[in-house]
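So the structure is just underneath, and the comments pick up after that.
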Amino acid sequence: MAFYQETLTLNSRRAGTHEFTDSVAQVVTRSGFDRGLVSVFCQHTSCSLVIMENADPTARRDLEAWMNRLVPDDDPEFEHTLEGPDDMPSHIKMALTRTSETVPFMNGQLQLGTWQGLFLWEHRVAPTTRRVVVTVMGEARQT
Amino acid sequence: MAFYQETLTLNSRRAGTHEFTDSVAQVVTRSGFDRGLVSVFCQHTSCSLVIMENADPTARRDLEAWMNRLVPDDDPEFEHTLEGPDDMPSHIKMALTRTSETVPFMNGQLQLGTWQGLFLWEHRVAPTTRRVVVTVMGEARQT
Amino acid sequence: MAFYQETLTLNSRRAGTHEFTDSVAQVVTRSGFDRGLVSVFCQHTSCSLVIMENADPTARRDLEAWMNRLVPDDDPEFEHTLEGPDDMPSHIKMALTRTSETVPFMNGQLQLGTWQGLFLWEHRVAPTTRRVVVTVMGEARQT
């Protein structure tokens with residue numbers, strides 16, 4: 001069993017979910033491993049990861065709208081507001097979703113279900129650059 | 001360190017939490033490894049994983065009822081309703097819980113706490129078949 | 001690739017978030033590995049893990065207060081109340097956050113973002129002892 005690691009830079013141009021399944025699949029390809037496990041780690045506390053339905057965009061729109069209703073920007077109880085009204089809601093939405101995700105692969109292919117995609121969920125309004133560490137653990141093809 | 005992988009098929013006959021700790025423990029046994037880490041990955045976006053109290057069934061009933069109140073089926077804001085009123089709530093409940101979970105093992109035994117069990121949380125009403133990929137990474141016993 | 005495992009005992013003196021990033025970093029150091037992945041697993045169902053902003057304490061205070069409003073102790077719908085009014089809310093808060101977390105490391109250093117810390121989130125009011133299993137998978141430095 002061997003180990004391969006890359007850091008991806010993702011530009012999230014707006015709040016919402018941004019698919020990067022292909023970028024992770026390419027890291028698995030570059031690892032040269034046939035089967036194993038890939039870990040994806042988000043290095044931020046105001047965006048997060050989620051594996052979500054990637055066929056019908058209304059599913060993600062409804063998810064984002066529901067989360068915005070659950071954690072509204074204008075909550076008068078928040079004390080941590082230095083970076084603006086979307087600062088504290090971003091941390092809460094992050095805590096309710098995921099910082100790390102692990103996905104198995106076989107024959108060099110991610111074993112995602114038919115309707116699954118891997119998304120960076122940007123919770124801040126302003127465009128920013130995000131870093132995700134991809135760690136691949138696996139085995140070469142048995143020959 | 002070596003690597004072992006199996007896909008489990010789970011039949012979730014109703015919405016709610018279904019324990020499958022024993023099935024994962026059996027995969028660890030079949031791997032033949034003495035110690036390591038097992039990753040469990042759910043290949044769907046309308047059911048999810050959770051590690052929950054497995055002694056008193058009222059704990060899980062209360063958890064399910066609370067989640068159903070937080071994410072009701074009849075939300076008029078939802079646009080993604082093609083597969084019925086439980087379609088979009090299922091995706092949201094999935095995003096709020098987990099798609100992947102990792103559990104350590106020692107001496108061939110899952111290192112779960114005394115009251116912990118691993119559950120598939122079915123969010124759809126209609127019975128369906130679910131697939132979970134179990135990846136074991138570990139070492140044989142030192143002799 | 002090799003494998004190293006330790007169980008940490010954490011004393012959570014009060015409900016709320018307790019950082020233990022340094023304890024996990026020390027396990028990575030003791031493993032002797034240069035690069036790899038560390039998995040952290042919480043052996044309880046009434047406390048959980050979260051990776052959160054660790055610079056400004058108001059961020060964590062707001063997160064905890066928001067969660068307490070979302071899942072109040074005095075919910076008359078709860079049936080699972082044997083251990084007190086904070087029993088069932090603790091399980092729910094756990095399910096909404098994380099039981100396991102994985103973090104990559106390089107050059108012996110955890111690859112956390114600038115503002116990220118790893119926290120045990122105690123959801124019970126009474127002081128208690130908590131156990132967290134830390135599993136390190138990695139490689140020695142190439143020489």
- Run through the other copies and list how far each one's label point is from that of A:LEU8, in nm with one decimal, shortest first; the point sits 7 Å from Cα along Cα-Cβ. 2.8, 2.8
- Hey, got the average number of other protein chain Cβ atoms within 10 angstrom for residues in B:32-42? 4
- Using the Karplus equation 6.51 cos²θ - 1.76 cosθ + 1.60 (θ = phi - 60°), what ³J(HN,Hα) coupling, rounded to whole Hz, does each residue of segment A:39-50 give in order, writing x for Gly and Pro? 9, 10, 10, 8, 8, 9, 10, 10, 9, 8, 10, 8
- Query: What are the distances, in nm and sorted shortest first, from the label point of C:THR114 to the label points of the same position in each other copy, with each label point placed 7 Å from Cα along the Cα-to-Cβ direction?
  - Reply: 4.5, 4.5
- Note on the structure: Taking Lys and Arg as +1 and Asp and Glu as -1, residues besides C:ARG98 with C-beta under 12 Å from its C-beta add up to 0
- Between B:ASN68 and C:ALA2, what FRET efficiency follows from the Cβ-Cβ distance if R0 is 56 Å, with the result rounded to 0.05? 0.80
- Item | Selected from C:GLY113, C:GLY16, C:GLY84 as most flexible by GNM, with chain C as the system and alpha-carbon contacts under 10 Å | C:GLY113
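Given the convex hull over the Cα atoms of chain C, what projected area results after averaging over all orientations, in nm²? Write down the numbers at each step before the final one.
Numbers: hull surface 35.7 nm².
Value for chain C: 8.9 nm².
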- Task: Along Cα-to-Cβ, 7 Å out, sits the label point; list in nm, shortest first, how far the one on B:THR129 is from those in the other copies.
- Result: 4.8, 4.8
- Query: Roughly how crowded by other chains is peptide C:82-90, in terms of the mean Cβ count from those chains within 10 Å of each of its Cβ atoms?
  - Reply: 2
- Rounded if a/c is under 1.5, else prolate if a/b beats b/c, else oblate: with a ≥ b ≥ c from the C-alpha gyration tensor eigenvalues square-rooted, which is the protein assembly as shown? rounded
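If you count, for every residue in A:130-138, the Cβ atoms of partner chains within 10 Å of its Cβ, what is the mean? Present the calculation step by step, with values, prior to reporting the outcome.
On the way: counts 1, 2, 0, 8, 1, 11, 1, 11, 4.
Average neighbour count from other chains, rounded to a whole number: 4.
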- Considering the rotation that carries chain A onto chain B, locate the chain A residue whose Cβ comes closest to its axis and report the distance in whole Å. A:MET1, 3
- Note on the structure: Most fluctuating of A:ALA65, A:ALA25, A:ALA15 in the GNM of chain A (C-alpha, under 10 Å) is A:ALA65
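Add -39500 (n - 2.57) for each DSSP H run of 4 or more in chain C, then divide by its residues: what number comes out at 222 nm, to the nearest 500 deg cm²/dmol?
Helix-only estimate at 222 nm: -7500 deg cm²/dmol.
Computed from the coordinates by the stated procedures, all read-outs in this text should not be read as laboratory data. Owing to the predicted nature of the structure, the values given are computational and were not obtained by experimental measurement. Virtual Cβ from ideal backbone geometry, glycine too; neighbours counted across all protein chains shown.
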